[in-house]
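Below: the structure, in structure tokens.
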Amino acid sequence: MKIKEIQQGLNNKDFSVRELVERKLALIGEKDKDLNSFITIDGDNALKRADKIDERLKKGEDLPLAGVCVGVKDNILFKNVRCTAGSNILSDYTAVYSATVVDRLLEKGAIILGKLNLDEFAMGSSGEYSAFGVTKSPIGKDLVPGGSSSGPAVAVLADFCDVTLGSDTGGSIRQPAAFCGVVGLKPTYGAVSRYGLISLSSSLDQIGPLAKNVEDAEIIFDIISGKDEKDATSVNMPQGIDVSGLKIGVPKEFFTQGLDPKVEASIRGAIKKYEQAGATIKEISLPNSKYSIAVYQIIMTAEASSNLARYDGIRYGLRNDADTETLEEVYSSNRTQGFSKEVRRRIMLGTYVLSSGYYDAYYARALKVRNKIKQDFDSAFEKVDYILTPTTPTTPFKFGEKLKNPLEMYLSDMFTASVNLAGLPAISIPCYNIDNLPVGLQIIGKPFSEKSIFATAKIFEDLK
Amino acid sequence: MISKEEILKISKLAKLNLTDSEIEELQNDMASVLGYIDQLKEVDIDGVDPMSHAVDIKNQLKEDKIMETDSTDIIKEFPEKEERLLKVKSVFKNED
């Protein structure tokens with residue numbers, strides 16, 4: 001059911017909030033053992049809260065998210081509930097506060113069913129890198145659901161949750177949304193508070209909604225977005241951009257080698273539909289976009305190495321009793337045991353590019369190329385209002401396919417990472433299936449143009 | 001190719017222990033990624049400012065007012081404690 005349908009059903013007394021939660025918990029109990037999308041299910045509290053919401057509704061209170069069951073990626077804190085970031089280093093950690101986005105949803109009457117599986121510390125593009133087991137996709141049992149918001153995408157597709165919250169640093173909402181045939185939005189950097197999001201890369205991370213349809217994603221975005229005093233990088237969003245007429249740009253660099261020709265055909269089909277709807281289609285160029293993965297790997301790993309320095313086993317998290325003599329050894333012992341191989345790999349790379357002697361060649365240079373990537377978008381947005389691309393270069397790949405060479409896994413972010421580098425908003429919506437496999441269409445917009453992006457996305461959703 | 005010494009130096013900075021086979025794997029993995037990153041050398045960055053943040057804002061200040069806080073939950077997460085104090089290993093070697 002869509003959120004508005006849930007509201008209508010509650011108004012008509014077709015069901016109670018408790019019944020809705022019971023149904024979802026039953027479905028999760030039955031089907032999630034095959035999918036492993038949840039790390040922690042907070043069933044008892046969800047039911048208690050459902051009863052309270054039912055009471056408040058009886059008293060006539062207006063709760064726009066009453067009955068809406070939400071799943072939250074396990075790198076977003078929910079007070080008093082275990083929060084693991086998909087890692088052994090936090091396997092027994094209980095959140096001591098809630099993220100602002102969680103509080104905002106709870107204020108409107110939403111029920112949080114539990115915490116969803118992810119690639120460890122949001123590092124991954126397949127759902128294969130969690131310390132809590134691989135997440136499977138309902139699309140096909142040997143196909144990856146995508147990552148790192150693997151749990152959030154699967155939980156929406158499998159109807160375990162009405163909507164979910166994920167996080168996106170280089171594509172981690174949009175890519176799993178594309179691989180699972182659902183909608184996923186990465187907001188403009190600063191549009192949604194990061195307070196309570198376990199940081200991966202502070203200048204790239206954003207929390208965003210995943211849902212089955214654009215309308216529900218928009219409802220959630222409206223509630224979670226907006227300046228938060230607790231996040232100094234969040235801003236008040238300027239008023240929506242007035243767009244008369246639909247000017248769409250198609251970047252030629254996103255349609256060359258590496259793109260599966262069948263995926264291209266699906267995307268071109270969508271572009272034709274927009275043309276039929278009256279849009280002007282222009283070929284544009286984003287010449288520096290080909291450097292996105294290189295720039296992203298440097299900046300993301302550098303920022304991650306810094307952000308993950310806090311996990312040392314002292315104040316919280318895993319602390320072993322290994323035979324150590326120095327403080328250094330205590331730190332190394334806890335961290336080596338708690339972090340998986342991929343996390344250690346990225347920390348090493350990030351530390352290397354920031355280290356003395358290499359800082360200028362790698363990190364400082366990457367920050368400048370990042371600016372050039374952003375300038376390409378700025379120029380393009382002088383001529384067009386939206387940029388349409390495939391979300392991913394292929395349909396969902398198979399488990400194990402991209403594990404041998406880490407670089408191959410990183411390249412699957414080639415269409416999404418540039419958007420994070422430039423701080424822009426982008427949505428992935430389901431495009432035409434290829435051989436029964438989902439394809440994601442990415443719509444990129446100007447900063448803080450989410451409302452216009454939703455409207456543009458709905459056009460295709462209706463015409464498809 | 002990154003040398004073994006270089007990998008060990010980085011691992012000390014990163015506070016990670018590595019086995020010999022892990023060192024070798026990392027040499028290969030990092031060489032692969034760094035080789036790919038090398039293409040950034042060809043970009044003309046003359047006169048380009050570094051971009052470390054997407055939003056153009058500075059120094060978001062908050063009112064300096066006292067707020068009530070309760071450390072109970074934080075203390076609950078201490079791996080080892082004594083009353084309200086965090087307990088850690090003593091790592092001071094006796095220098096004789």
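The values are calculated or read from the model by the stated rules, or taken from the named source; none is laboratory data. Since the model is a prediction, treat every value here as computed from it, not as a measurement. Here the Cβ positions follow ideal geometry from the backbone for every residue, glycine too, while neighbour counts run over all protein chains shown. With ligands, DNA and RNA removed, areas are computed over all heavy atoms of the protein, side chains included. Shrake-Rupley method; radii C 1.70, N 1.55, O 1.52, S 1.80 Å.
The table below gives the values:
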{"item": "Largest-first ordering by accessible area, 1.4 Å probe, given options A:PHE399, A:PHE381", "result": "A:PHE399, A:PHE381"}
{"item": "The stretch A:247-316 - Debye-derived log10 I(q)/I(0), Cα point model, q = 0.17, 0.23 Å⁻¹", "result": "-0.77, -1.04"}
{"item": "Kirkwood hydrodynamic radius over Cα pairs of the stretch A:321-427, then Stokes diffusion coefficient at 10 °C and 1.306 mPa s, in µm²/s", "result": "91"}
{"item": "For the stretch A:21-84, fraction of C-alpha pairs farther apart than 16 Å, in %", "result": "54"}
{"item": "Residue mean of other protein chain beta carbons inside 10 Å, A:356-369", "result": "4"}
{"item": "Overall dimensions of the stretch A:422-464 by Cα: Rg and Dmax, Å", "result": "11.6, 36"}
{"item": "Whole-number percent relative contact order across the stretch A:70-151, with pairs defined as alpha carbons under 8 Å at least 6 apart", "result": "28"}
{"item": "Taking the stretch A:140-187 and dividing mean pair separation by its residue count, relative contact order in percent (alpha carbons under 8 Å, at least six apart)", "result": "40"}
{"item": "The protein assembly as shown - accessible surface per residue (Å², probe 1.4 Å)", "result": "42"}
{"item": "Solvent-accessible area of A:ARG310 with every protein chain in place, 1.4 Å probe, in Å² to the nearest 10", "result": "110"}
{"item": "10 Å Cβ neighbours from other chains, averaged over peptide A:320-331", "result": "3"}
{"item": "Cα gyration tensor shape for the stretch A:134-182, rounded if a/c is under 1.5, else prolate or oblate", "result": "oblate"}
{"item": "Residue-level accessible surface for B:ASP49, protein heavy atoms, 1.4 Å, Å²", "result": "110"}
{"item": "With every protein chain in place, the protein assembly as shown: carbon and sulfur % of accessible area (1.4 Å)", "result": "48"}
{"item": "Cα-derived Rg to Rh of the stretch A:1-111, Kirkwood definition", "result": "0.99"}
{"item": "Across A:LYS4/A:LYS48; A:LYS73/A:LYS186; A:LYS136/A:LYS227; A:LYS252/A:LYS383, pairs whose alpha-carbon gap is larger than 25 Å", "result": "A:LYS136/A:LYS227"}
{"item": "Cα-based Rg and Dmax for the stretch A:53-100, where Dmax is the largest Cα-Cα distance (Å)", "result": "14.8, 45"}
{"item": "Estimated inter-spin distance, A:ARG310 and B:GLN27, nm [label 7 Å along Cα→Cβ]", "result": "3.6"}
{"item": "Exposure rank, largest accessible area first [A:LEU105, A:LEU25; 1.4 Å]", "result": "A:LEU25, A:LEU105"}
{"item": "Estimated Rh, the stretch A:249-407: Kirkwood, alpha-carbon pairs, angstrom", "result": "19.3"}
{"item": "Amide H within-cut-off set for A:ASN213, under 5 Å, with H built and near neighbours excluded", "result": "A:VAL183"}
{"item": "Relative contact order for chain A, counting Cα pairs under 8 Å that sit 6 or more residues apart, in percent", "result": "17"}
{"item": "Estimated [θ] at 222 nm from DSSP helical runs (n ≥ 4, -39500 (n - 2.57)) normalised by residues in chain A, nearest 500", "result": "-12000 deg cm²/dmol"}
{"item": "Largest to smallest accessible area among A:GLU275, A:GLU342 [probe 1.4 Å]", "result": "A:GLU275, A:GLU342"}
{"item": "Accessible area buried at the A-B interface, both sides summed, 1.4 Å probe (Å², nearest 100)", "result": "5500"}
{"item": "Calculated [θ] (222 nm, deg cm²/dmol) that DSSP helices of n ≥ 4 give over chain B, each run adding -39,500 (n - 2.57)", "result": "-11000 deg cm²/dmol"}
{"item": "Viscosity 0.692 mPa s, 37 °C: Kirkwood-radius Stokes-Einstein D of the stretch A:384-464 over Cα pairs, µm²/s", "result": "235"}
{"item": "Equivalent ellipsoid, the stretch A:85-229 (semi-axes from 5 times Cα gyration tensor eigenvalues, Å)", "result": "21, 18, 14"}
{"item": "Solvent-accessible area of A:PHE397 with every protein chain in place, 1.4 Å probe, in Å² to the nearest 10", "result": "10"}
{"item": "Local electrostatic count at A:ASP168 - Lys and Arg +1, Asp and Glu -1, tallied over other residues with Cβ under 11 Å", "result": "+1"}
{"item": "Shielding by partners - mean other protein chain Cβ count within 10 Å, residues of A:88-94", "result": "1"}
{"item": "Cα gyration tensor category, rounded, prolate or oblate, for the stretch A:149-271 with a/c compared to 1.5", "result": "prolate"}
{"item": "Calculated over the stretch A:315-370: convex hull of Cα atoms, volume per residue (Å³)", "result": "120"}
{"item": "Normalised convex hull volume, the protein assembly as shown, alpha-carbon set, Å³ per residue", "result": "176"}
{"item": "Buried on assembly, the stretch A:258-296 (at least 40 Å² less accessible surface than by itself, 1.4 Å probe)", "result": "A:TYR291, A:ALA294"}
{"item": "Along principal axes, Cα extents of chain B, largest first, whole Å", "result": "57, 49, 29"}
{"item": "Between the stretch A:296-315 and the stretch B:22-47, the alpha-carbon center distance in angstrom", "result": "19"}
{"item": "Semi-axis lengths, Å, the stretch A:65-136, gyration tensor of Cα atoms, sqrt of 5 times eigenvalues", "result": "23, 14, 9"}
